[in-house]
Each structure stands twice: as structure tokens, then as C-alpha cells.
1. Looking at the stretch 625-634, can you tell me whether even one residue there is more than 16 Å from ligand 3 (Cβ to nearest atom), over 24 Å from residue 324 (Cβ atoms), among the acidic types (Asp, Glu) and free of Cβ contacts under 8 Å to residues at least 40 places away in the same chain?
2. Being assigned to a loop (DSSP other than H, G, I, E, B) and either open to solvent by less than 30 Å² (accessible area, probe 1.4 Å) or free of Cβ contacts under 8 Å to residues at least 60 places away in the same chain (or both): is that true of residue 738 here?
3. Identify all residues within the stretch 659-668 that are under 14 Å from residue 618 (Cα atoms) and open to solvent by 50 Å² or more (accessible area, probe 1.4 Å); write none if there are none.
4. Considering only the stretch 117-177, give the helices (runs of 4 or more DSSP H) lying wholly within it that have at least 1 residues that are within 20 Å of the chain's Cα centre (by Cα).
5. Please state which of the following conditions residue 91 fails to meet, knowing it meets all the rest: (1) more than 30 Å from residue 482 (Cβ to Cβ); (2) open to solvent by 10 Å² or more (accessible area, probe 1.4 Å); (3) hydrophobic (A, V, I, L, M, F, W, C).
6. Could you tell me how many of the residues in the stretch 137-151 are within 12 Å of ligand 2 (Cβ to nearest atom) and either of a type outside the set (Gly, Ala, Ser) or in contact with a Pro (Cβ under 6 Å, 6 or more places away or on another chain) (or both)?
7. Could you check how many residues of the stretch 329-360 are open to solvent by less than 10 Å² (accessible area, probe 1.4 Å), part of a loop (DSSP other than H, G, I, E, B) and among the hydrophobic types (A, V, I, L, M, F, W, C)?
8. Looking only at strands (runs of 3 or more DSSP E) that lie completely in the stretch 398-457, which have at least 1 residues being in contact with a Pro (Cβ under 6 Å, 6 or more places away or on another chain) and of a type in the set (A, V, I, L, M, F, W, C)?
Amino acid sequence: MNDGWSTHSSHWGAFSARWDGRDIEVAPDAGDPAPSPILGNFTDALRHRARIERPMVRRSWLNKTSEPRTLDGAFVELAWDEVLDLLATELSRVHADHGAAAIFGGSYGWASAGRFHHAQSQIHRFLNVAFGGYVRSVNSYSAGASAVILPHVLGPFEALSRRNVTWEQVSEHTDVVLAFGGMALKNSMVASGGISRHIERDAMRKAAERGAQFYCISPLRDDLPEQAAATWLPIRVGTDVALMLGLAHSLVAENLHDRDLLARYCNGYDKFERYLLGLDDRQPKHAGWASDITGMAAAEIVALARKAAQGRTLVTVSHSLQRAQYGEQPVWMGAVLAAMLGQIGLPGGGYNYALGALGHTGRRVNAVPIPTMPQGRNGVEDFIPVARISDMLLNPGQPFEYNGRTLRYPDIKLVYWAGGNPFHHHQDINRLRRAFNVPQTIVVHETAWTPSARFADIVLPATMTLERDDIGAAATDPRLIAMRKLAPPIGEARDDFDIFAALARRLGVEHPFTEGRDSRQWLAHLYETTRKALAAKGLDAPDFDEFWRRGELALPSEPDDGGFLRAFRDDPDAHKLPTPSGKIEIFSGTIAGFNYADCPGHPTWLPSTEPPSARHPLTLIANQPATRLHSQLDFGRHSQSRKVAGREVVRLNPVDARARGIADGDIVRLFNDRGACLAAAALSGDVAAGVIHLPTGAWYDPQADGDDPALCVHGNPNVLTRDIGTSRLAQGCTGQVSVVECEKYLGQLPPIRTFDPPQPADR
Ligand SMILES: Nc1nc2c(c(=O)[nH]1)N[C@H]1C(S)=C(S)[C@@H](COP(=O)(O)OP(=O)(O)OC[C@H]3O[C@@H](n4cnc5c(=O)[nH]c(N)nc54)[C@H](O)[C@@H]3O)O[C@H]1N2
Ligand SMILES: Nc1nc2c(c(=O)[nH]1)N[C@H]1C(S)=C(S)[C@@H](COP(=O)(O)OP(=O)(O)OC[C@H]3O[C@@H](n4cnc5c(=O)[nH]c(N)nc54)[C@H](O)[C@@H]3O)O[C@H]1N2
Ligand SMILES: [Mo]
């Protein structure tokens, strides 16, 4: 495009943009059938006051006075050279005194699209080159439990979620979709690395028009789009395993289960069936039993089992179900239910974990590699499951269990973060504050003054994606996008790469880090892998300059072949599953051998240890926000336009609102024993009774900083969530579900301060 228009890309879509010196105009990619409204957050983001303009250092850290870290603490501006000298010296000191295993570089987070300026790749590469490694984190907040359980029982998480049933198959073949946790369009709008076509809405519409029946098994009706014309089954939150067991029992009771498939393709169905039929615990998991737990009528459960046994049925389980205590169980039981229905591996049928949770799923996988920044080798053995960050900082040297092993938490002296926002993503923020007061030094690279930046000691201003050139690509999107720089960096902001290169120079490892390339040369270098692969296939493979001039490049896709489950179905001997038995492990000897009561050897109904109570009767759903990606650009125009009185909106059922004297638009206080926050109430029949829905991502804004626990006046649900692992198996994040009470807020409304940057203080 010309007239100042540039192609660019983001995790929520490819687009073109034009800058007028202050605001930007954004136009979605012309070929995108359903662009994301989140693009609207870019319009006023570039020069927003929340951006970080200059390096800043916490005064108490600089002066070595031992004050606790708070968000209100004084910050001093430093020149780049001075701050980089200081940081290089501090890194060397920590490394010399305590070793690389005292540096936490897990640095979880989504950062921005763009394959070169990927903050995680940059920080990991830097720490590997400079110190031979760092303490890392494994797995993700997204799929903490499933990434560990699935390889034990079925196969690799990536293949099960991303190369399995496609949206084309759903449109053409599926008769029944049991969508546990739904497949909300707001979620599939997002794909890390970039996405150029949003196809989910039209695929569901096509399937529904053909007669496919979608079931939205979820506390929120809008977890499936209206185009799916779904039947809404709002069972009690966290009782999905009980419903699945009730369905499974009904299948057996009516002899509708596929005995051949269970015998030939599965391991240990007999052991599981004893549990299902209650042969040992004298409790058959029949529809009546499931009805008591889920709140769904027994007759409805039986009818649903019959319906699912009739045609081509697809079981999907969203990430959200496993972002809760015992989250391994619904992931495992969903696969067992699909196996009992006999549908695993059939076109449009069987089991697709997390279909629709992101725009990576249900699509064809590219037949060529995408540009990827090499991260080097990490020689440090210590790691944590990613959501055990507070546990690690608060319990150095203490043992913890993970996936059959007993490990120890390292003793962290320095935390280095680039491209993530732990004060958004982690649970029980009041506990996180205590944990973030343990290390000697916290360093953050950020584009904006997020609460995580405000809690750091050394804050370095990073450029925003729109301020630099990059390449946008995802392994499931058929386009490579030239992400062209649109505007000069704000203030003194620098690219993460340039910051690390300058540090590397001070540490004497500049060349190993940069390999003698500047950013532009790196882009051309990374592009070469893709170009060569295209050329080898005899496809259009322009050189880098020509690709850059064109703005985008088409990538070929693999065939829609159903992935490894189809191959297994077609020939279970030639294409064994990568599990110990080579089959679907309905019973896992490995997991049984770990002797974890919180994750037994076959799928088991385990009720949450924190159920709703008289004091905290409402179940809080803290899910992904529709108006932004996580906490990114919460200050942006689209996100702000959906707030009420500047607060995040919390939805609740009119029945629950009325019982508390709450009206639409009222400011309410949500609270439990861990914390409290304000939010603006919206009454909605799309929220199940007993459930309250406050999405994540509103920046933490404590009223009286330093108080523990302080009231978050803005609506960050993570002041309320529980900081425990899913189980000893995976230790995944459990932030999705909590219990709370809610009341009308009658105090004077405190101002929102979270987007106001700190004023520079004197030394
Ligand atoms: N209660 C609850 N909590 C949850 C969840 C939930 O369901 N419930 N979901 C969890 C999930 S699945 C996830 S993935 C996490 C997400 O948690 P995060 O990934 O930490 O969230 P983001 O807001 O995307 O944080 C990315 C940060 O990177 C910054 N950034 C962007 N570009 C750059 C760059 O180029 N350089 C640098 N240095 N910084 C940059 C952004 O400003 C932003 O602050 O949240 C988790 N937290
Ligand atoms: N717009 C937008 N899209 C995103 C993101 C974002 O921040 N913004 N984040 C992306 C990321 S990183 C990820 S990991 C994915 C996350 O994908 P998911 O984890 O699947 O997404 P959520 O929106 O957190 O949860 C989906 C729905 O599950 C339902 N649910 C919660 N608990 C239960 C339960 O116990 N049982 C049942 N049956 N349903 C339940 C809730 O109603 C919730 O709306 O989303 C991605 N997409
Ligand atoms: Mo995620």
C-alpha cells in the first residue's frame, strides 16, 4: 500500500496502518472475512502516556536502601549508557556470586507478533550466550495441565490441538459437537505470531446450516457464536468430568459404546469400566449420579449420550477446563469419551483438544518452516512449571513434585522479564507481591508502564511492534507478512535486540549474540530458511528485498490428513501412538505409578477443594478478555470503550444481581479471603445463575499501595484467584475458577491511576 500505509501484523490479525504523527488509522487485511475488533486498540497506543519513554531505576534499589518494593515507589531517570553499565555490572555480580541458576529468565508472556523481535527468544538467547543459561519455566499458562497429561495418554499436545480435526472437516462431516468450555470467536481471533484469515465463524455457520448440532457446555452462553445455533448446557462450573462420566455410563448401559475400538486401540478400558460401573466404590457413575453433581437432568444426560452415539461426533475440551484444580481430568476424560463413541481419527469426529481456543487450531499446517530466532543452549538444569513462580521465590531450596519427579526450587537473586506481565497473568497477586519482594534485583523491558514494570527495579523502554521492522508468521497461517515500521520509537525506547546487544558488548559477548548482524540483516537471514524451502518445492521464492517490497508471501499447506490420530486409526500397528502401550491410555500405568491422589491412574471425578460456600457463594470465571489480548494495550481505545466508569465490566445473572440489590452499571466489590476488586456490573441472562464473569487483563490498580491486601479499583480478577497447581502431575495454572462474594460498592469511587506513569524523582 502507499499514501503512508504499511502492512503490519499482530497476534490478533494482519492489517495495514497509517500514522499521522499522533494516532494511527488501521485497516484490517482485505482478505480477512472476520477481522478482530482488537485492532482498534492500536489507534491511540503509540503515543499514549502509559508508554515508557526513558530508562528508569527504582530509587531505593539505586541507593541500596532496603525498602519493600511497591508500585508507588520513586523512580529515577538514567541515561542509557549509565543504566546499561549498571545492569551489566549487576548481572556479572549475581552470576559471579551465585551462578546462572540464581537468574530467573523464564520471562513468560506473549509479547508481540514478529519472528525476530520476539522478546522471549531475545532474552533467552541473551542469557544463554552471556551466562550459559538461566532458570527457565516449562509449559504455559494456556495448557499447563494438558501439555503434561496428553503425552502420557494420547500423544503430543501440539499435534492434538493443532494438527487434528480441521474447520473444513467440521463444516463438511460433523453431526454433533460436544464443546466443553465452548469455542468462543473472541478466542480464535488470536494466534501467536499472526493470523491473516479468521475462518471459524463461517465454518460453524456452514456446519450448523448443514444440520450439525452444537452443544455449548459452558457457564457462558456466548462461548459459542450465534452462527453455531448451539444448545446451551450451563452445567455447574468444574463438573465436566462428572457429566462425561454420566454420558459414558449411559453409553455402556445401552450398549452404545464401541467395544472393538476400546479393545484394539485402547489400554486399560477394563480397569476404567470398574470405576465407571462402581464395582469397587459401589458408586456407579450413572446419569442420576452425574445429575446431582452437574445440575443437568438425568434424562437429558441419557438423551445426549444417545444423540452423540448416532452420528459423527466431535468432543472438544477448551484450555479453560484444565486451568483449574485437577485440570488434567477433563482433558483425559474427554479423550476417553471420544474413544467410547468410537470416533477417534474419523473426519470431523473424535477428539480435538482445544479446538477453537486459538486461531492456530483447526487449520492446515504450513509445508515450509517459518523464520525462527535461534535461542542457543541453556546449560542450567533448574526449572519450574511456569505457574509456580510465587512458590519458587517464596520457598528457595524447598522440594516440589512434578510429573513423577521430586525437584527443588532454585534460590533466585535476579529476575529478568521481557515480553510478559506477571502482574496480569499470575494468580493471587497479593501473594505475588510478597514473592516479588524476595529477589535482590528485578529487571523489566516493557513498552508500557504495566504493574510488572512498576514493581521492577530497572525498567528499560522497549519499542512497540509498530516502531520496528519484523516478519509476521505462524505455523498454521498461509501468509508471511512484512511488518513494516510505521513510526519512530517513542522517547528513547530501543528494540529488545539492541538492548541485549549493548549489554552483550559490555559483557564481552557481543559477537556471539549478534553474530555480526544488525536487525535488518537478521530479518533477511531468518527469511532465508523459508525462501530456501519454498524454492526446493519449486514455488514462488522471491529474495528478501522483493518479499519486503510486496508486503506478503503465500505459504503452502500440508494436506488435511487428520494428523497422527487418523494414521493410528487407519493402521494401529504401523502408526502406534507415542504412549507406553502405543495405544490410547484409558489407564496409565505410568501415572498410576506416581501414586498421586490428585491424579490417579485413570480419569476420575475429583471435586474442587474450594467449592462455593455460604461466605463465597458465587463462582468467578476469570477468562480471556474479548476486548484485548490479555493485558496488552488495556489503555487502547477499543478496550477503554468497553469499560464503565473506567472499570472492567463484570457480568452476572439478573437473579444473583437482584438478590444483592445490584443494578446494571453499579460499581460492585468482588471479594474473598485473598483479595478484593471493584468492577462495573452488567446483568446478563447469558451468564449461568451462581456464576460471575470478570475477564482478565484490567491492569492491577491497588487503592492504598503497600497495604496487603489492597483493593484493586480497576477490576483485575487475579487478586481473587487461587495460586495452587492443578495437581502434582502438571502443576499447571488454576486461575480460571475461584469462589467469591459480590456486593454493591457504596464508598466514594477511587480514581484509576494505573495508566499514569511515575514522575521522575531526584536521586
Ligand atoms: N485468572 C486467570 N489468569 C490468567 C488466565 C486465565 O484464564 N485466568 N490466562 C492465562 C494465560 S492462558 C496466559 S497466556 C497469560 C498471558 O499473560 P501474558 O502473556 O503475560 O500477558 P500479556 O498482557 O500478553 O503480556 C505481554 C506483555 O509484553 C509486553 N510487550 C509487547 N511487546 C513487547 C516487546 O516487543 N518487548 C517487550 N519487552 N515487551 C513487549 C506487553 O506490553 C505486555 O505487557 O495469562 C494467564 N493468566
Ligand atoms: N480475545 C482474546 N482471545 C484470546 C486471548 C485473549 O487474551 N483475548 N488469549 C488467548 C490465549 S493465550 C489462550 S490460552 C486461549 C484460551 O482459551 P480458553 O482457555 O479456552 O479461553 P477462556 O476464554 O479463558 O475460557 C473459555 C470458556 O470456558 C468456560 N469455562 C470456564 N470454566 C469452565 C468449566 O469448568 N467448565 C466448562 N464447561 N466451561 C468452563 C468459560 O465460560 C470461558 O468463557 O485464548 C486465546 N484467545
Ligand atoms: Mo494462553
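1. There is no residue in the stretch 625-634 that is more than 16 Å from ligand 3 (Cβ to nearest atom), over 24 Å from residue 324 (Cβ atoms), among the acidic types (Asp, Glu) and free of Cβ contacts under 8 Å to residues at least 40 places away in the same chain.
2. Taking the combined requirement at face value, the residue does not satisfy it.
3. 659, 660
4. The helices (runs of 4 or more DSSP H) meeting that bar are 119-131, 146-153, 157-162.
5. Failed condition: (2).
6. Residues in the stretch 137-151 being within 12 Å of ligand 2 (Cβ to nearest atom) and either of a type outside the set (Gly, Ala, Ser) or in contact with a Pro (Cβ under 6 Å, 6 or more places away or on another chain) (or both): 2 in total.
7. Total meeting the criteria: 3.
8. Per the criteria, 414-418.
The values are calculated or read from the model by the stated rules, or taken from the named source; none is laboratory data. Computed from a prediction, not measured in an experiment: that's the story for all the values here. Don't worry about glycine lacking a Cβ; one is built from the backbone with ideal geometry, like all the others, and counts go over all protein chains shown. With ligands, DNA and RNA removed, areas are computed over all heavy atoms of the protein, side chains included. Shrake-Rupley method; radii C 1.70, N 1.55, O 1.52, S 1.80 Å.
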